[in-house]
Every structure is written in C-alpha cells, then in structure tokens.
Amino acid sequence: MSFYVRRMYKEDVDQVTEIDREAFPTQWPPPNYQNELRNQSAHFTVVCDEEKPVEQLVANTTPEKRATGLLARIKRLFSRNNPSDNSMPPSPGHYIVGFVGSWIMSDEVHITSIAVRETYRRQGIGEKLLISAVEKAMELKANILTLEVRVSNTGAQSLYSKYGFTQVGLRRAYYTDNREDALLMSTDKINSASFQSRFRQLKEAYSRRITTKDKATQE
Ligand SMILES: CC(C)(COP(=O)(O)OP(=O)(O)OC[C@H]1O[C@@H](n2cnc3c(N)ncnc32)[C@H](O)[C@@H]1OP(=O)(O)O)[C@@H](O)C(=O)NCCC(=O)NCCS
C-alpha cells in the first residue's frame, strides 16, 4: 500500500466523519468537523491511500468551485496559496484511511481524536498520524502534548507509550456512554534533548519500515 499525509480540507469532512463513526460509534453526538476546521486552534491531518481515488469528491464540490469564470479561477489561485484556506484539496480526492485532530491551548497541544479505518489498522498509519501531531506541536513551539484515552483501550495506550506519553491523571467516568474512566496522558517537554532524541530514533525506525509521503500542502 502506498499512502501519504496531508492536512484536512472541508471536502474531507464526510470521510473523516465516517471514520469517526466507525471508531467511536457510542460517542454521541459526533464532532462537527466542519466547525473544527474553522477553529483557528484546531489542526487536522489525514492519511490517504494513494492507490484508491475517490471519484465522488469531484461530484460533491460546490457550484462555486466548479465555476470556470475568471473570478473563480483567480479565487482558486489565491486559495491554493493561502495555507489557512480549507476550501481546496491539493489533488483529486483519495480514500482517507485515518485522521488525527489536535487543539493548541496555551503551550499545550491536546490530541482530541485519532482513528484509522478498521481494515487499515496495524499497518503503521496510527503511528504516522501521531508523528504528524508531534511534529505539528513542535512547529507550534508547544511545550507538551496531552490526550485522554479509555482505560480499556490498551492498543492506543501502547501507541502513546511508545512515543513517550505517560499517565499523569485519571478522569473518573469521563466517557458518557458507559461512564468509563479516562487516563490523562502527557509527554515530557517536547523540546527537551531526551524527548527530541527518542522521537528522532522512532521516526528513523519508522521510515526504515514504512515509506510515506508528506504532501507539501500539509500544515
Ligand atoms: C489506536 C489506533 C489509532 C492505532 O492505529 P493503527 O494504525 O492500528 O496503529 P499502528 O499500526 O500505527 O501501530 C503503532 C503502534 O501502536 C500500538 N498498537 C496499535 N494497535 C495496537 C493493538 N491493537 N494492540 C497493541 N498495540 C497496538 C503498537 O505499539 C504499535 O507499534 P508496533 O507496530 O511497533 O507494535 C487504531 O487502533 C484505532 O483507530 N482505534 C480506534 C480509535 C481509537 O481507539 N483511537 C484512540 C482514541 S484515544
């Protein structure tokens, strides 16, 4: 499989919502990803399967984007050059296989969700998403990354532990569906020499195992 990483665009919302529903079926209501994209503090990254184009994305584009007039073309040109504009995907749609979302709050990046389609799990995609979230936090000059995870979700906890997250708290009955507790996990300071060196080693080991492309358009 060949896959690549890029930022999320509004055209991706349907696919991301589908992945969210598959991964978190009991969490209700689902997040409104259109609103999330408008939130200046939120950052979303997706992983796409390059071998699987999604034709209907073209059909779903709004009349404004299909317009061919001079004004429409100028608008498209500017929106391509504006990295904060979520209106234009970089290439025809591909099948999104996973996504990660995070919020920057003061000097902390909080990972709000990370999910991979069931049929694509255990192939390194979750790890790639986590690497992207850590890189985003470094770019934003955050101090630490934090997240909540269900006490029963040992698979996800293994992923986080691998990248240096440790438990720093417990939120009792945090999940409203079954009142399950959440572990609050955090990294050490991500600009510390120890974190940076471990992260570099993990990334190197990852790229020896798996080849992915980072689209230039990724934020
Ligand atoms: C958690 C999740 C994102 C992991 O994605 P993934 O693509 O399957 O994970 P990867 O293949 O990249 O695995 C990376 C590491 O995660 C850990 N891991 C992932 N799934 C695991 C599992 N089922 N059991 C044990 N460890 C697991 C391992 O440490 C693995 O490293 P390794 O390959 O060196 O053993 C995915 O299982 C998922 O979408 N789950 C449902 C949604 C969810 O629970 N999200 C987390 C909410 S806090």
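The values are calculated or read from the model by the stated rules, or taken from the named source; none is laboratory data. All values reported here derive from a predicted model rather than from experimental measurement. Ideal geometry is used to build each Cβ from the backbone, glycine not excepted, and the neighbour counts take in all protein chains shown. Keep in mind that these areas ignore ligands, DNA and RNA; they rest on the heavy atoms of the full protein, side chains included. Shrake-Rupley method; radii C 1.70, N 1.55, O 1.52, S 1.80 Å.
Observations, loosely collected:
- The set of residues in the stretch 199-219 that are modelled with pLDDT under 95 and outside any loop (DSSP other than H, G, I, E, B) comprises S207, R208, R209, T212, K213, D214.
- Counted residues, the stretch 122-161 - those being of a type in the set (K, R) and loosely packed, with under 13 Cβ neighbours inside 10 Å: 2
- Candidate set: the stretch 11-22, residues that are touching a residue at least 60 places away in the same chain (Cβ under 8 Å) and more than 16 Å from the ligand (Cβ to nearest atom); chosen: the one surrounded by the fewest Cβ atoms within 10 Å (Cβ to Cβ): E11
- Restricting the stretch 110-151 to residues that are of a type in the set (G, A, S) and either more than 11 Å from the ligand (Cβ to nearest atom) or under 17 Å from T187 (Cβ atoms) (or both), the residue that is farthest from the chain's Cα centre (by Cα): A142
- The lone exception for Q34 - which of (1) open to solvent by 60 Å² or more (accessible area, probe 1.4 Å); (2) within 16 Å of the ligand (Cβ to nearest atom); (3) modelled with pLDDT of 95 or more it fails: (2)
- The single condition among (1) modelled with pLDDT of 90 or more; (2) of a type in the set (A, V, I, L, M, F, W, C); (3) open to solvent by 30 Å² or more (accessible area, probe 1.4 Å) that M8 does not satisfy is (3).
- Options T154, T176; residue that is of a type in the set (V, I, T), away from the ligand (no atom under 12 Å from the Cβ) and more than 16 Å from the chain's Cα centre (by Cα): T176
- Condition check for Y160: modelled with pLDDT of 95 or more, closer than 22 Å to V116 by Cβ and touching an Asp or Glu at 6+ places or on another chain (Cβ under 7 Å): no
- Pair list, Cβ < 6 Å and 6+ apart or interchain, from the stretch 23-39 residues that are within 13 Å of M8 (Cα to Cα) to residues that are within 13 Å of the ligand (Cβ to nearest atom) and in a helix (DSSP H, G or I): Y33/V16
- Applying a threshold of 6 Å to beta carbon distances and a minimum spacing of six or more residues, or different chains, the list of pairs starting in the stretch 112-126 at a residue that is aliphatic (A, V, I, L, M) and ending at one that is assigned to a helix (DSSP H, G or I) and near the ligand (Cβ under 6 Å from one of its atoms) reads A115/A23; V116/I125; V116/G126.
- Of residues in the stretch 179-211 being of a type in the set (S, T, N, Q) and within 20 Å of I104 (Cα to Cα), the one farthest from the chain's Cα centre (by Cα): S192
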